[in-house]
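First comes the structure, then the notes that go with it.
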Protein chains: 2
Amino acid sequence: MQARDVSGGPVACGCANPGAQLILEVAVELFSEKGYNATSMSEVARRAGISKANVFHHFGSKHDLYLEVIREACRDSREALHQGRDSGQTVVQQLSAFLHHHLDTLLRRDRVSRLVVREVLDSTPEGGKELAEQVFFDGFTELVEIVREGQQQGEFRSDMDPALLAHMIISISLFYFQSRNVLRHFPPVDFADEPQRFVEMACDLLFHGCLKAGDPDNKAAVGNRPACRTMSKETPE
Amino acid sequence: MQARDVSGGPVACGCANPGAQLILEVAVELFSEKGYNATSMSEVARRAGISKANVFHHFGSKHDLYLEVIREACRDSREALHQGRDSGQTVVQQLSAFLHHHLDTLLRRDRVSRLVVREVLDSTPEGGKELAEQVFFDGFTELVEIVREGQQQGEFRSDMDPALLAHMIISISLFYFQSRNVLRHFPPVDFADEPQRFVEMACDLLFHGCLKAGDPDNKAAVGNRPACRTMSKETPE
DNA sequence: GTCTATAAATAGATAGAC
DNA sequence: GTCTATCTATTTATAGAC
């Protein structure tokens, strides 16, 4: 990967040079439209109005270019998450704002977002490692840190795995994004075309839970809790 | 779709006939391995040891056969959900058990599960309608009904959209399934290869929320709540 | 080299006999 | 229910003209 920005600037995008930027935009288009195999480096070069050799100069290989496209697709959300940290907001507000932004970005950039999701879905164990390390690591790590911060400041329960909440947050927006075409046709669902409202409701659910609050006699809630947090060797009839 | 079971038996699988059953198994294999386009009806017939015309006799078209494969992949989970209803368990226990079963099924039948998820991801607005109506409708509807039951019996908050919780439940297992190859390589994640434990932790989070309980002074929690439930016209403050 | 025309192969689907 | 035979559309391969 020769195209890494060595200028010391923000790590947002792997390419500071305007030339590489154009290639990246073209590549995002092409990979989104046609997928990895059907996209040729020759076509990328042609659409960018440069030589194929130049493309290989900026991005060492087709695979590297592809990886950079995936990174680019996640950049906005990653930056939004980072910027929220010194905004004076509570952690709950930061996470809620991130979810709004994340889902909005997914929907706005539908095609390339699908590309990312498909890449994750089709990832082999080895490919997953690469994605984790070279694409999602920074964002996920920061999300986990924010959750930890929420625990330290007393907003969140401390008996909770921060990585779990981070995972759930990502899953909320991503799964909504990928299921909305189906969701729309379930009669009891009225939020399939209202992502904003969905995020608000989902946040509420995630923060406060779905059990009836203020009801210590809730047998189901209390009775179930053990079964729901141990590997349950102790079948609690 | 001529192969529907008209014998009055359970609607579980579209095919009661042993002949159709074999075809379906072969089709699951082939579609899972090679995808829709790369799978030919001739090959299905050959692998099933029958004529091509016979395949068309049982399943009216390639598309219908494919749809039946998707349905078949969801059958186990749908049945498990249904059977849990008259098991005497609380709704919380039913949902927890369903999540365990659902994720277990996804992981056990990895390839065909991927097929289903990919189908949802790649669905056009029209394809989404078909999937919703002909594949997922029964299961999702039942899940929503179970949640409603939980609300009526006082286990769950009543100021919550049951379809939202149903969606979240599905998203938990499905997104874990599809992200686990990536998840495994995030250092703060220690549940990527422990689906049982993951489900238990996720249930806990989903049921009880992530906010610190028993702390009415939690400004973040209270302060955020209005912004997080704007759907209600009756702003309870 | 590139293009078009055509042949060959393969796909999905149907008809009618057994 | 199962088969053989057949139809039609599409894809792929090849030949030959320009």
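A few points about this structure:
- Qualifying residue in region B:62-85 (condition: assigned to a loop (DSSP other than H, G, I, E, B), surrounded by fewer than 21 Cβ atoms within 10 Å (Cβ to Cβ) and more than 14 Å from DNA strand D (Cβ to nearest atom)): yes
- Residue pairs meeting the criteria (Cβ under 6 Å; at least 6 apart or on separate chains; first at the interface with another protein chain (Cβ under 9 Å from one of its Cβ atoms), in region A:137-164; second among the hydroxyl-bearing types (Ser, Thr, Tyr)): A:151/A:158
- Qualifying residue in region B:119-139 (condition: outside any helix (DSSP H, G or I), touching a Leu at 6+ places or on another chain (Cβ under 7 Å) and either at pLDDT below 95 or crowded, with 16+ Cβ neighbours inside 10 Å (or both)): yes
- Among residues of region B:187-200, those that are surrounded by fewer than 20 Cβ atoms within 10 Å (Cβ to Cβ), facing another protein chain (nearest Cβ under 7 Å) and either free of Cβ contacts under 8 Å to residues at least 60 places away in the same chain or in contact with a strand residue (DSSP E or B) (Cβ under 7 Å, 6 or more places away or on another chain) (or both), counted: 2
- From the options B:109, B:118, residue that is over 27 Å from residue A:212 (Cβ atoms) and more than 8 Å from every other protein chain (Cβ to nearest Cβ): B:109
Residue-by-condition table, conditions (1) away from DNA strand C (no atom under 16 Å from the Cβ); (2) away from chain A (no Cβ under 14 Å):
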{"residue": "B:56", "(1), (2)": "no, yes"}
{"residue": "B:64", "(1), (2)": "no, yes"}
{"residue": "B:79", "(1), (2)": "yes, yes"}
{"residue": "B:90", "(1), (2)": "yes, no"}
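- Top-ranked residue of region B:33-52 - restricted to ones that are within 11 Å of DNA strand D (Cβ to nearest atom) and assigned to a loop (DSSP other than H, G, I, E, B), ranked as surrounded by the most Cβ atoms within 10 Å (Cβ to Cβ): B:50
The values are calculated or read from the model by the stated rules, or taken from the named source; none is laboratory data. These figures come from a predicted structure and were not determined experimentally. Quick reminder, even Gly has a Cβ in these numbers, built from the backbone with ideal geometry, and neighbours come from all protein chains shown.
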